[in-house]
1. By how many nm would the segment from Tyr92 to Thr194 lengthen if fully extended, with 0.36 nm per residue of separation less the alpha-carbon distance?
2. Using a 1.4 angstrom probe with every protein chain in place, what is the largest-first accessible-area order of Glu86, Glu24?
3. Residues in region 611-631 near a label at Lys534, defined as backbone nitrogen under 15 Å from the 7 Å Cα→Cβ point?
4. Under a point spin-label approximation (7 Å from Cα along Cα-to-Cβ), what is the Lys48-Ser602 distance to one decimal in nm?
5. Give a quick list of chymotrypsin sites (Phe, Trp or Tyr not before Pro) in region 38-119 that DSSP marks as loop, anything other than H, G, I, E or B, with at most 14 other Cβ atoms within 10 Å.
6. For Ser206, tell me the accessible area in Å² from a 1.4 Å probe, rounded to the nearest 10.
7. Ser138 versus Thr13, label points 7 Å from Cα toward the beta carbon: distance in nm?
8. Using 0.36 nm per residue of separation minus the Cα-Cα distance, give me the extension gain between Thr305 and Phe262 in nm, one decimal.
Amino acid sequence: MENMWRFPGNGYTQDQGLDTSDMETFKKDPIASLARELCQNSIDARRKTAKGPVKIEFKSFIIKREEIPQIEALEKQITNCKETWETNKKIYDQLEKMSVQIQDKEIHCLRISDFNTKGLVGVSGGDNTPWHYMIHGSGLSNKAATSGGSKGIGKFATFVTSQFNTVFYSTITENKEKGYQGICKLCSAKQEGTTEKTIGIGYYGSSIKNEPILGEFNLDKDYKRGGKTGTDIFILGFKNPAGWKADIISKILESFISAIVFEDLEVIVDDMLINKETLKAIVFDETLINKPSRKSIISQYLLLTDGENRYEDEIDFQELGKAKLYLREFNNDNEHLATNGCVMIRYPFMKIRDIEKITTLPCSAMCIIEDNKLNSILRNVENPQHTNWEFNRIEDDKERAEIRGIYKRLLDDIRKHIMDHLASSDNFQTDVEGAGYFIPGEEMGNSLEQSEKNAILDQPAISTKKVKSTDLKLTAYAPDEEGEELVEDDGLEETIPSDEHRKGSSHNMERGESHKNGEKVSSAHTIVKYSELKGMTYRLICLNKKTQMYALLFTSTIDEPDVCLELFALDDSGTRTQVFVMACTINGQRAQIINRRKIRFSVKNGQKIKIEMITNQPELFSSEVKLYACR
């Protein structure tokens, strides 16, 4: 029984390399992954009786080489690995770099400490405990459904930031357990006196069973835990790239700013305190936030803190729980801060992903999924990095269809609320020509069946009562077979009675009217003209590029019982082309279309108009709107 490094044999089974899948998962962005995973683990470990937020500290320090426990044993194991893999250039070069760096007289390290947490329970013994899963597990987790992590591989984010793939863990639990252990993830290497190789992982522990050492552990001389419960992680040979502090601060804020605003989290990065009170100054300090993250962080901060200038909605999934939606518009002066997307956050207030290109109008949105069944359902389909929901992870076809349907319902509701607010807003003073996706089509793919979409929550996106007309030619809309998009409903078209329709060549002819030289002649022989109505601002939004579905928004400044609207596409030279309208609704009610060129309706002064239509335009386009009245 001796405290030492041990590298167990693999029993003549599988050889392990350096670039294992659990390590590769976090190599793309090591510092950002470190910040995200460690904060998530600490929030998950919050004490139920804790007062105040979970506190996490990232602190860099330098240690003398000889102060590292059994540094010579680590160095020898790296040499053994080099000799084993000397014919594999890729592995050998990485090991050679390690063997050079481990001989430095001073070693850079990083300490991550959390407080107001439970510690890693089970350090005194037991297999199904947080300590066992952390030290000896891979892909194992016993976290609750509302925790941030669930895949059991987040701990490997620490190893990819170590020059020697070596980390020490030390914990004090609520039950006053104290213990520590070191882990080194190298590769399989030949053992002296045998042809057997190691498993590639070494443990600094108290016995051949690789058990923890009871007591406290500390490599940072300027730090004292003081008997408080929680966990300390020491990353040996911290890869210290320029700007690591900004990387960590940026990723923490981008992923957990809502937890900080709600006072569930407080972070210290090398003596810089980040909490609700200091947040504003940090968010707007360009020296502390990386440029790629700046817009997202500022947008999230404004959505969370500026209640007077945001819309708030609640999306109710009945027995599954609720989600909150925040939306903020930006005017011409600050539209550079708009993300034009929706950030998706789930309890415990961790960002999962961004839904991009919701609209081209300058706005930002945030959806917060609360502590409920919906949260649990989506957590189970997250990828290991917790940056996306991937439904193909579900093997059962029926279950996969149900979860897809729930997620699509959530996106549809987000889209509806955002569209309704933007349609009624007076904030925008300029036309927006062209548009982007409202909700990207690739989110759900193109092959969902009706049974999938109606699973669990059988609520079609559009519900319309069909009413036939007997005296007008109408092209109305109805739900398609998927219950999602507008399509032309040929069954609702009725021809105008011949005795009310005068012959003529102009496509502008209407019931009981004829046209001559651009003038309209009524049956009473009174001559009136179609006059263009000006002074109104129109906004065109693409709702679905694939189905060529658009929304036109404007506020009427006049009262007119009979107007006609035409839409034109403009090319780069300014040439106009008529846009044909295949189906149309106005403020949710079906509308009259004349020869697929004109939309006929009435307007009232101050009325907000939302025209949804399916067009013949396969590509996004700049638009011109013409609105006429009979004068």
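The values are calculated or read from the model by the stated rules, or taken from the named source; none is laboratory data. The structure presented is a predicted model; accordingly, all values stated were derived computationally and were not measured. Using ideal geometry, Cβ is built from the backbone for each residue, glycine included, and neighbour counts are taken over all protein chains shown. To get the accessible areas, we keep the full protein, side chains included, count just its heavy atoms, and leave off ligands, DNA and RNA. Shrake-Rupley method; radii C 1.70, N 1.55, O 1.52, S 1.80 Å.
1. Fully extending the segment from Tyr92 to Thr194 adds 34.5 nm.
2. Heavy-atom accessible area, descending, gives Glu86, Glu24.
3. 625-629
4. In this crude spin-label approximation the distance works out to 6.4 nm.
5. none
6. Its accessible surface works out to 20 Å², give or take rounding.
7. Distance between label points: 1.0 nm.
8. That pair, Thr305 and Phe262, stretches by 14.5 nm at full extension.
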